[in-house]
Each structure stands twice: as C-alpha cells, then as structure tokens.
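Q: Below you will find the structure I want to go over with you.
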Amino acid sequence: MRKLRSVLADAALVILVGVLSACGQNSNQQAATKQVLNLPASAALDTIDLSKATGYGQTGNVFESFYRLGKNGKATAGLAKSAKVSADGKQYTFTLRNAKWSNGDPITAQDFVYSWRRTLNPKTKSPYAYLFEGIQNATAVSQGKMAASKLGIKATDQHTVVVTLDKAIPYFKVLMAYPLFAPQNQKVAEKYGKKYATKSQYMVYSGPFKITNWKGTNNKWSFVKNNQYWDKKVVKLQKINFTVVENASTSLDLYQSDKFDLTQLSSEQVATYKNSKAYIQYPYSYVSYVGYNFADSDATKRKVLNNQDIRQAFSLAVNRTQLAQKVIGDGTLIPTGFVSTDLAKNPTTGKDFSVEQKRGNTMSHDEKLAQQKWQTGLAATGVKKVSLTLLAANDNGSDQATSKVTQYLKGQWEKLFPGLTIKIQAVPSQIALTDRQKGDFDLTLAGWGADFNDPISFLQIPTTGTSYNYGKYNNSEYNQLVDSATNADANDPAKRWRDLVSASHVLLDDQGITPLYQSVYSYLQRSSVKGIIHNTAGTQWNYKYTYIK
C-alpha cells in the first residue's frame with residue numbers, strides 16, 4: 001500500500017504456529033487447545049482505529065463490513081443478509097442480518113452511518129478517505145466543504161442501509177468487503193472518548209475474532225474467537241497469538257524447533273528450502289517503486305526531479321531481471337508497470353492488465369540510452385552536479401532486501417550518471433512514513449499493495465490530491481484518464497478498461513514513479529495448518545476457516 005502505507009508490514013508477513021498441548025486432558029479439551037496459533041508478525045500493530053489505519057491486511061479478521069473477502073479476492077457473505085442494486089448502479093440497499101458486537105450490542109444500520117461519517121470527518125485525517133470517492137458527496141465531506149449529514153449513506157431502519165453513489169462503481173461490492181467500510185459502535189466510541197481504540201479493551205469487534213492484550217505499543221497481542229459473531233459455528237480457531245519477529249533467521253529457528261507452523265523465508269533462505277515439501281508461496285499485489293519528490297524544497301533538486309529525461313534515465317539504468325533474481329532472490333516478479341501482475345483481466349478479452357500496460361523503453365534495461373537521457377536532462381536543467389537522498393524503511397520485515405535494493409540503485413546510478421551522488425537514508429518505517437507525508441525526501445523506495453482486485457487501486461494513487469501522492473506528481477492527461485475511468489466511463493467496462501490502460505501508459509512514459517519489482521512471499525508451512533485464505537489484494541489474511549488438523 002498500496003496508500004504510503006507500510007504495505008510490507010500491512011501484508012503482515014505472518015508466521016503461523018500451532019501449539020499442540022494435550023497433556024492429560026479429555027478429548028474436548030485437547031481439541032480446543034489444539035486450535036491455537038502463534039503468529040509472529042513483521043511489525044507492531046500501530047492502530048486498531050478503522051478510521052485512522054494505514055493498512056488492513058489482518059483487520060478483516062476482527063472487523064466485518066457488508067461483505068468479507070473470500071477466496072480469489074471475491075466478496076462473500078458478511079453483515080449484509082441481502083442487497084439490492086438500482087438499475088443505474090447508483091443505489092445499494094443493504095439489509096443487515098441479526099448480528100451482534102463482541103460486547104453483545106446489536107449491530108445496527110446507524111453503526112455504518114456513524115462509522116463512515118467519522119472516517120470522512122476532516123479532523124480524523126483518514127489516509128484512506130479517498131476510497132470513499134464516488135459515494136455521494138464523500139469528497140466534499142472529507143474536505144470539510146459539506147456537512148457529514150449530506151454523505152450518501154442513511155439508515156432507514158435498524159437493519160436497512162441505503163448507499164447512494166455519484167456514479168456506478170464497477171468494483172463496489174468487493175470494495176464493501178474492505179474493513180475500512182465496516183461499522184463502528186457509536187455508543188462505545190462516545191463512552192470511551194479519547195481512549196477509544198487506544199487499547200484493545202476500548203474497542204468492540206464485528207468479525208470472527210476480537211483483539212485482546214493490545215495496549216497500543218506492545219509487541220504481543222491476541223485474536224480470540226468472538227462468540228458473539230453471527231457465523232461463529234464455522235470458526236474453529238480459539239485463539240491466535242501475535243508476536244513481533246523482525247528477523248527471518250529467528251523465525252526460521254523457531255520453525256525448525258517445532259514452535260512455528262509457518263515461517264516466511266528471506267531470499268537467501270528460499271535458495272536453500274525451495275525444494276522442500278513444506279515450501280509454499282503466497283503472492284501479493286505489492287509493487288515496490290522509486291518515488292520522486294516533484295515539490296522538493298531544494299530548487300536544484302526540484303529542477304532535476306521534474307525533468308522527464310532524468311526520470312526515464314533512472315528507470316532505464318535498472319536491470320530488473322538482475323535486481324529480481326540476483327539482488328532480491330527467488331520468487332520475485334518483474335512488473336510491466338505500476339499495476340501488479342494477476343490483479344485484473346480485460347472484461348472483453350480476458351487478457352491480464354499487466355500485458356496491456358507494457359510500454360517500450362520504460363521498464364527495459366538500456367544503459368546507453370539511460371546515459372543519453374541523463375545528459376539531455378542535465379543540459380536542459382543547467383545542473384552539472386546533484387546529490388539526492390534515497391529514503392527507505394529498514395524495519396518492515398524485509399530490511400535486508402531493502403538494503404540490497406538501495407545499494408544496487410546507488411551503485412547503478414552513480415556508475416552511469418556523472419555528477420550524481422546518492423545518499424541512502426534508512427530509517428524505521430514510521431519515521432519514513434512521516435517524512436514522506438511531510439515531503440521531506442528527494443527519492444524514496446516505497447511500495448503499494450492493491451486494496452481490491454482492480455487496476456484503479458494502483459492508478460488512483462498518483463493522481464493529484466490523493467493522500468498517498470507524497471511526491472505531488474501532477475500530470476493533467478493522466479488525471480483526466482483516471483477521472484474518465486471513475487466517472488464518465490464508469491458504467492462502460494470496455495471504455496473504462498481502455499482509460500486505465502492509457503493512464504498506465506502515460507504514467508510509464510512520464511516515469512511519474514519508477515516500478516521496480518513485485519513481491520511474492522515464500523514460506524515453509526507444516527501440513528497441519530489448514531484453511532488459510534490468502535489474497536493478493538486487500539485483506540490478505542483470512543483465518544475464519546483456518547484450523548489445525
């Protein structure tokens with residue numbers, strides 16, 4: 001995220017362990033004890049406030065919306081018992097099932113209305129407010145230009161939610177499976193006030209699990225089965241314990257000592273274990289890229305970074321095959337653009353978006369052309385020497401790979417481009433995020449993971465004004481194409497697809513960002529863990545049907 005959220009952390013490089021303790025207990029007790037997983041996570045849980053979260057990779061397990069994300073990125077049954085859609089696709093009427101919060105309160109239609117209005121309140125500063133775009137008056141409400149009461153959502157009775165859209169949204173159903181759109185208990189929020197969502201006990205939960213023992217800053221917390229959940233009969237796990245494990249070697253050691261059932265492998269470890277029967281890959285629609293600060297506070301740097309030839313030179317200098325296979329390691333995919341591979345297919349031909357977004361001399365490796373572009377760019381700017389700082393996070397569970405990538409980029413660029421100095425600034429992810437938000441960077445190694453299975457989940461990020469467009473990229477042609485896809489052509493699948501492909505071409509030609517590689521996560525997993533649903537986009541990990549055999 002994909003929106004920059006710390007997506008690698010949001011992908012939650014979880015490591016699953018089944019605790020098999022059945023010492024002298026009866027068979028029922030044994031079964032209950034067996035259904036406990038210990039899940040090391042790559043980073044601490046930064047917030048459980050839906051309105052303020054920077055990622056939702058795990059929270060679909062504790063918060064549920066009208067739908068929930070099932071296999072292959074498809075929306076499956078959630079809090080909505082049924083839904084009706086108007087002929088023009090602009091109005092959805094959801095009928096809620098008889099569901100309860102984890103504290104026993106009924107989940108009502110008003111809880112959805114309250115949640116959405118709270119998230120879009122400008123004071124909340126939700127980094128995901130842009131995902132509400134297309135819902136009637138959502139943008140105006142989030143900008144403080146219109147009262148929250150004008151938002152296109154209303155509760156007509158306790159169990160009926162009516163959502164009105166400005167235009168048809170082709171991916172609206174799957175969007176409604178995202179935890180961002182889940183309800184919040186207004187009574188609980190008002191009861192706790194400023195304490196709300198600061199600790200696990202100051203929150204109530206609508207999903208198959210509830211959170212316990214999270215104090216806001218600690219590295220251990222648990223998901224416990226929510227016995228008030230409407231579909232609790234299918235939930236077999238009794239408890240999931242999370243512990244932050246930042247080092248892949250430590251994780252592997254725990255796996256090998258029979259304490260973990262699943263461990264994520266580093267690139268070095270993949271080479272050793274890829275032929276093991278326990279080896280498994282979980283792909284993810286996460287594309288790492290170089291972001292440019294088009295509004296850099298330094299006038300010389302700003303001039304350099306705003307030059308298209310120089311940005312194209314940076315891209316052409318990268319040997320992505322070498323980067324993926326030699327620098328990062330096995331399993332990494334080479335993207336064809338900003339939109340990840342295997343995310344969405346042409347509604348007419350079935351061809352993957354990644355095939356159609358390809359663009360010559362944008363992602364290829366051509367050092368001679370790169371040097372020509374560099375010299376052309378320097379001549380146009382009048383700059384002879386420039387020092388640029390490359391900002392990167394170093395604590396997101398892949399710090400080793402991040403370090404290798406930044407060193408590779410530094411080496412390639414300084415080797416090919418006379419007059420260029422690259423300084424690497426590796427900092428904790430929260431500091432990196434803050435620096436990006438403040439625009440305090442020249443270049444940044446960042447990444448984005450899709451929130452749902454549609455190209456727009458990537459392509460809306462570089463549009464002008466989005467909260468994750470940290471570098472302030474602004475291309476009027478690009479903005480217009482994305483706008484057409486989300487407005488004028490929203491209800492015409494073929495036209496909309498062409499808009500999105502064209503927008504991707506503009507972005508690649510301009511190198512508004514420079515895509516580098518797509519992540520595929522490799523694990524060792526014991527055969528005793530069953531029923532994990534993992535998606536390449538959105539809420540990646542779904543444990544509703546997980547159990548230990």
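The values are calculated or read from the model by the stated rules, or taken from the named source; none is laboratory data. On a predicted model such as this, the values are computed, not experimentally measured, just so you know. No Cβ is skipped: glycine too gets one built from the backbone with ideal geometry, and neighbour counts run over all protein chains shown. All accessible areas refer to the heavy atoms of the entire protein, side chains included, with ligands and DNA or RNA removed. Shrake-Rupley method; radii C 1.70, N 1.55, O 1.52, S 1.80 Å.
Q: Please verify whether segment 444-460 includes one or more residues that are in contact with a helix residue (DSSP H, G or I) (Cβ under 9 Å, 6 or more places away or on another chain), among the polar types (S, T, N, Q) and modelled with pLDDT of 95 or more.
A: Yes, segment 444-460 contains at least one residue that is in contact with a helix residue (DSSP H, G or I) (Cβ under 9 Å, 6 or more places away or on another chain), among the polar types (S, T, N, Q) and modelled with pLDDT of 95 or more.
Q: Let me ask something additional. Condition (residue is part of a helix (DSSP H, G or I) and touching a Leu at 6+ places or on another chain (Cβ under 9 Å)) applied to segment 459-469: is it met by at least one residue? Don't jump to the end; show me each part of the working.
A: Looking only at segment 459-469, we keep the residues that are part of a helix (DSSP H, G or I), and these are 459.
Next cut, touching a Leu at 6+ places or on another chain (Cβ under 9 Å) only: 459.
Yes, some residue in segment 459-469 is part of a helix (DSSP H, G or I) and touching a Leu at 6+ places or on another chain (Cβ under 9 Å).
Q: Can you confirm whether segment 443-458 contains a residue that is in a helix (DSSP H, G or I) and of a type in the set (Asp, Glu)?
A: Quick first cut of segment 443-458, residues in a helix (DSSP H, G or I) only: 456-458.
Next cut, of a type in the set (Asp, Glu) only: none.
Looking through segment 443-458, none of the residues is in a helix (DSSP H, G or I) and of a type in the set (Asp, Glu).
Q: Does segment 515-544 hold any residues that are farther than 30 Å from ASN361 by Cβ, among the small types (Gly, Ala, Ser) and outside any loop (DSSP other than H, G, I, E, B), and which are they? Steps first, please.
A: Of segment 515-544, the ones farther than 30 Å from ASN361 by Cβ are 521-535, 538-544.
Imposing the further condition that a residue be among the small types (Gly, Ala, Ser) reduces the set to 522, 527-528, 531, 538.
Result: SER522, single match.
Q: Within segment 249-257, can one find any residue that is open to solvent by 50 Å² or more (accessible area, probe 1.4 Å) and either within 24 Å of the chain's Cα centre (by Cα) or of a type in the set (Val, Ile, Thr) (or both)?
A: yes
Q: Being of a type in the set (Val, Ile, Thr), at pLDDT 90 or above and more than 25 Å from VAL327 (Cβ to Cβ) is the filter here; which residues of segment 227-282 pass it?
A: Listed by number, the residues that qualify are VAL234, VAL235, ILE240.
Residues are listed down the side, and each one gets a yes or a no for (1) farther than 17 Å from PRO179 by Cβ; (2) in contact with a strand residue (DSSP E or B) (Cβ under 7 Å, 6 or more places away or on another chain); (3) in a loop (DSSP other than H, G, I, E, B):
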site	(1), (2), (3)
TYR114	no, no, no
LEU131	no, no, no
GLY144	yes, no, yes
LYS154	yes, yes, no
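Q: Further question: Are any residues in segment 373-428 within 28 Å of ALA44 (Cα to Cα), part of a loop (DSSP other than H, G, I, E, B) and of a type outside the set (S, T, N, Q), and if so, which ones?
A: The answer is ASP395, GLY397, PRO428.
Q: Specify which of the listed residues (LYS326, LYS301) is open to solvent by 30 Å² or more (accessible area, probe 1.4 Å), in a helix (DSSP H, G or I) and modelled with pLDDT of 90 or more.
A: Numbers: LYS326 fails: modelled with pLDDT of 90 or more.
From the options LYS326, LYS301, the qualifying one is LYS301.
Q: Okay, next question. Would you pick out the residues in segment 113-131 that are buried (at least 18 other Cβ atoms within 10 Å of the Cβ) and either touching a Lys or Arg at 6+ places or on another chain (Cβ under 7 Å) or at pLDDT below 95 (or both)? Working first, answer last.
A: Within segment 113-131, the subset buried (at least 18 other Cβ atoms within 10 Å of the Cβ) is 113-120, 126-131.
Listed by number, the residues that qualify are VAL113, SER126, PRO127, TYR128, ALA129, TYR130, LEU131.
Q: Of the conditions (1) more than 21 Å from GLY207 (Cα to Cα); (2) under 23 Å from the mean Cα position of the chain (by Cα), GLN136 satisfies every one except a single condition; which number is it?
A: Condition (2) is where GLN136 drops out.
Q: Can you tell me which residues in segment 178-212 are part of a helix (DSSP H, G or I) and aliphatic (A, V, I, L, M)?
A: Within segment 178-212, the subset part of a helix (DSSP H, G or I) is 179-181, 186-195, 200-202.
Listed by number, the residues that qualify are LEU180, VAL188, ALA189.
Q: Let me ask something else. I'm trying to understand the selection: among the residues of segment 430-466, which are open to solvent by 20 Å² or more (accessible area, probe 1.4 Å) and farther than 29 Å from PRO347 by Cβ?
A: GLN430, ILE431, THR434, GLN437, LYS438, GLY439, ASP440 - these are the residues of segment 430-466 that are open to solvent by 20 Å² or more (accessible area, probe 1.4 Å) and farther than 29 Å from PRO347 by Cβ.
Q: Shifting gears a bit: Condition first: crowded, with 19+ Cβ neighbours inside 10 Å and either out of contact with any helix residue (DSSP H, G or I) (no Cβ under 8 Å at 6 or more places or on another chain) or of a type in the set (Val, Ile, Thr) (or both). Now tell me which residues in segment 477-496 satisfy that.
A: Passing the criteria: VAL482, THR486.
Q: At pLDDT 95 or above and in contact with a strand residue (DSSP E or B) (Cβ under 7 Å, 6 or more places away or on another chain) - does that describe any residue in segment 188-200? Quick ask: steps written out before the conclusion?
A: Of the residues in segment 188-200, the ones at pLDDT 95 or above are 188-200.
With in contact with a strand residue (DSSP E or B) (Cβ under 7 Å, 6 or more places away or on another chain) added as a condition, the list becomes 200.
Yes, there is a match, as at least one residue in segment 188-200 is at pLDDT 95 or above and in contact with a strand residue (DSSP E or B) (Cβ under 7 Å, 6 or more places away or on another chain).
Q: Kindly establish whether THR272 is within 24 Å of GLY329 (Cβ to Cβ) and either out of contact with any Lys or Arg (no Cβ under 8 Å at 6 or more places or on another chain) or outside any strand (DSSP E or B) (or both). Quick ask: steps written out before the conclusion?
A: Working: within 24 Å of GLY329 (Cβ to Cβ): yes; either out of contact with any Lys or Arg (no Cβ under 8 Å at 6 or more places or on another chain) or outside any strand (DSSP E or B) (or both): yes.
In short, yes.
Q: So in segment 502-549, with the set limited to residues that are hydrophobic (A, V, I, L, M, F, W, C) and either over 25 Å from ALA446 (Cα atoms) or surrounded by fewer than 24 Cβ atoms within 10 Å (Cβ to Cβ) (or both), which one is nearest to the chain's Cα centre (by Cα)? Walk me through it before giving the result.
A: Narrowing segment 502-549 to residues hydrophobic (A, V, I, L, M, F, W, C): 503, 506-508, 513, 516, 520, 524, 529, 532-533, 537, 541, 548.
This time we only want the ones that are either over 25 Å from ALA446 (Cα atoms) or surrounded by fewer than 24 Cβ atoms within 10 Å (Cβ to Cβ) (or both), so: 506, 520, 524, 529, 532-533, 541, 548.
Numbers: VAL506: 23, VAL520: 14, LEU524: 23, VAL529: 25, ILE532: 19, ILE533: 16, TRP541: 12, ILE548: 28 Å.
Of everything passing the filter in segment 502-549, TRP541 is nearest to the chain's Cα centre (by Cα).
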